[in-house]
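The values are calculated or read from the model by the stated rules, or taken from the named source; none is laboratory data. Bear in mind the structure is a predicted one, so any value in this text is a computation, not a measurement. All Cβ positions, even for glycine, are placed from backbone atoms using ideal geometry, and neighbour counts span all protein chains on display. Protein only, heavy atoms only, side chains kept; ligands, DNA and RNA dropped before computing areas. Shrake-Rupley method; radii C 1.70, N 1.55, O 1.52, S 1.80 Å.
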Amino acid sequence: MPFLKRPPTSPPLSTLLDIKSQKCGLRHTVFSASGNEYTGEWQNNKKHGKGNQVWKKSGAIYNGEWKFGKRDGYGTYSILLPESKKYVKKYCGEWTDGKKHGYGTYFYKNSSVYEGEWSEDQRSGWGRIYYANGDIYEGKWLKDKNHGEGIFIFSNGNRYEGSWREGKKDGRGKFYYCDKGQLYEGLWVDGVPKCGTLSDFGRDATPMPAKYQIPKVHLIDTQLVLREAESAYLGRF
């Protein structure tokens with residue numbers, strides 16, 4: 001009677017050792033070859049879940065959620081200031097596939113602060129930024145630039161309300177010269193007002209009113225004149 005060799009009922013020892021060495025679940029601090037440190041959850045040998053990463057070269061820290069080895073979910077990224085050896089927050093918010101994506105707040109080196117929507121590491125969607133000099137912009141963004149409808153409030157109280165394109169006033173908008181008591185309404189192209197009307201606005205309440213009032217325009221059809229002047233630019237929109 002021939003001898004039949006039974007197939008092994010368990011995987012080879014090398015396979016078992018490989019499975020056992022795979023990082024899965026909550027682990028103590030793991031050091032990479034570059035000296036980076038990670039403390040947190042793993043799945044299939046990849047950072048997955050909640051964890052804390054420290055980069056040795058820059059000293060930066062990320063504390064938050066991970067998905068298959070990349071920052072994904074909600075987390076905070078902080079950097080180390082070499083002069084004071086203190087940590088400061090740079091970004092606090094949502095991540096996707098290792099990039100800022102969703103809603104979050106970013107702290108700039110010059111003390112400006114942006115809070116709003118992100119798309120693949122760029123400001124895109126609705127957002128508000130507080131500049132270090134006191135200016136504020138609130139509105140739409142696209143690829144890190146003001147794009148769409150938005151309001152820009154200057155530190156001196158003046159403000160622009162209207163359309164933007166690639167970081168510049170472009171389209172129809174209103175500019176309130178609150179320091180002089182004047183209002184411009186009209187069309188802007190590439191950051192420059194092209195055609196519109198300038199009128200007095202809250203003149204009596206302004207700190208530095210213009211010396212002379214703006215005379216009234218005596219035209220039969222003011223809007224017709226404006227439409228004719230705008231026609232040279234409307235093809236762009």
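Taking amide H atoms as placed 1.01 Å from N in the peptide plane, the amide H of Lys100 lies under 5 Å from those of Asp121, each 5 or more residues away in sequence or on another chain.
The mean accessible area for residues of region 95-210, using a 1.4 Å probe and ignoring ligands and nucleic acids, is 52 Å² per residue. 3J(HN,Hα) along region 50-62: 9, x, 10, 10, 10, 8, 5, 5, 9, x, 5, 10, 10 Hz, from the Karplus curve 6.51 cos²θ - 1.76 cosθ + 1.60 with θ = phi - 60°, whole Hz, x for Gly and Pro.
Residues whose amide H comes within less than 5 Å of that of Asn158, counting only those at least five positions distant or on another chain, are Cys178, Asp179 (H built at 1.01 Å from N in the peptide plane).
Each other residue within a Cβ distance under 12 Å of Arg159 adds +1 if Lys or Arg and -1 if Asp or Glu, for a net charge of -2.
With the simple spin-label model, which puts each label point 7 Å out from Cα in the Cβ direction, the Glu37 to Asp121 separation comes to 2.6 nm. Per atom type, region 97-187 shows carbon and sulfur on 47% of its accessible surface, probed at 1.4 Å. Using a cut-off of 32 Å between Cα atoms, the listed pairs Lys99/Lys174; Lys143/Lys174; Lys56/Lys169; Lys46/Lys86 include Lys99/Lys174; Lys56/Lys169 as exceeding that distance.
Note on region 123-217: dipole from Cβ charges, positive end direction compared against Asn158, Gly125, Tyr176; the farthest Cα belongs to Gly125. Per-residue 3J(HN,Hα) values for region 192-201, derived from phi via the Karplus relation 6.51 cos²θ - 1.76 cosθ + 1.60 with θ = phi - 60°, read 10, x, 9, 7, x, 10, 10, 9, 6, 9 Hz in sequence order (x marks Gly and Pro).
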